[in-house]
Amino acid sequence: MQQKIFARKQKTSKNYQKQKLAVARIHEKVRNQRLDLHDKVTHKLICENQATSYAIEDLGVKNMVKNRKLAKATNDVGWGQFVTLLTYKANWYGKNILKVTRFFASSKICSHCHHKLESLPLSVRHWTCPSCQTHHDRDINAASNIRQQALADVAGLATV
């Protein structure tokens, strides 16, 4: 709402400057809230767990922002900032971050029998493996595959 009011002000007016400050304060507040959330979540992940290694997918955040359908959602979530904080805190506390390449088809591979689907649209959240008939939640299956792939990369084994 404040942004809309700001857009209607004349650039040379005093009210324009006041509104510009009001919009900047709102943006700063949102930025600080996001940073606080990321800080608390990464602290909880790193400090309150006994895990020594964390596997994450190396997402191409810069490329995702170029996609006009994903840009707003990607920027609102702040994935890049989250990964940066997670990596920083992991290094600080002597833990490992294992990154899996973004080209690994983590959602399309069955975590039980390793059968790979040809295509799986983003709208499909649950699917059944045609090979072993296991029912998968897309996100949980992808997390399991990322974990398996990260461990295989560390061990020097072939990719799934």
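General remarks:
- Look at the stretch 120-137: where a residue is part of a strand (DSSP E or B) and a partner is aromatic (Phe, Trp, Tyr), sitting 6+ places away or on another chain with Cβ atoms under 9 Å, you get 135/127; 136/127; 137/127.
- Restricting the stretch 70-102 to residues that are aliphatic (A, V, I, L, M), within 16 Å of the chain's Cα centre (by Cα) and surrounded by 13 or more Cβ atoms within 10 Å (Cβ to Cβ) leaves a set whose member that is farthest from residue 150 (Cα to Cα) is 70.
- Helices (runs of 4 or more DSSP H) (entirely within the stretch 45-116) containing at least 2 residues that are modelled with pLDDT of 85 or more: 79-92
- For residue 43: the one exception among (1) surrounded by 10 or more Cβ atoms within 10 Å (Cβ to Cβ); (2) more than 30 Å from residue 97 (Cα to Cα): (2)
- Residue check, residue 54 more than 25 Å from residue 150 (Cβ to Cβ), over 13 Å from the mean Cα position of the chain (by Cα) and hydroxyl-bearing (Ser, Thr, Tyr): no
- Residues within the stretch 46-60 that are free of Cβ contacts under 8 Å to residues at least 40 places away in the same chain and either surrounded by 10 or more Cβ atoms within 10 Å (Cβ to Cβ) or under 22 Å from residue 101 (Cα atoms) (or both), tallied: 1
- Given (1) among the hydroxyl-bearing types (Ser, Thr, Tyr); (2) farther than 22 Å from residue 154 by Cβ; (3) surrounded by 11 or more Cβ atoms within 10 Å (Cβ to Cβ), index of the condition residue 13 fails: (3)
The values are calculated or read from the model by the stated rules, or taken from the named source; none is laboratory data. Owing to the predicted nature of the structure, the values given are computational and were not obtained by experimental measurement. Please note: Cβ atoms are built from the backbone with ideal geometry, for glycine as well, and neighbour counts cover all protein chains shown.
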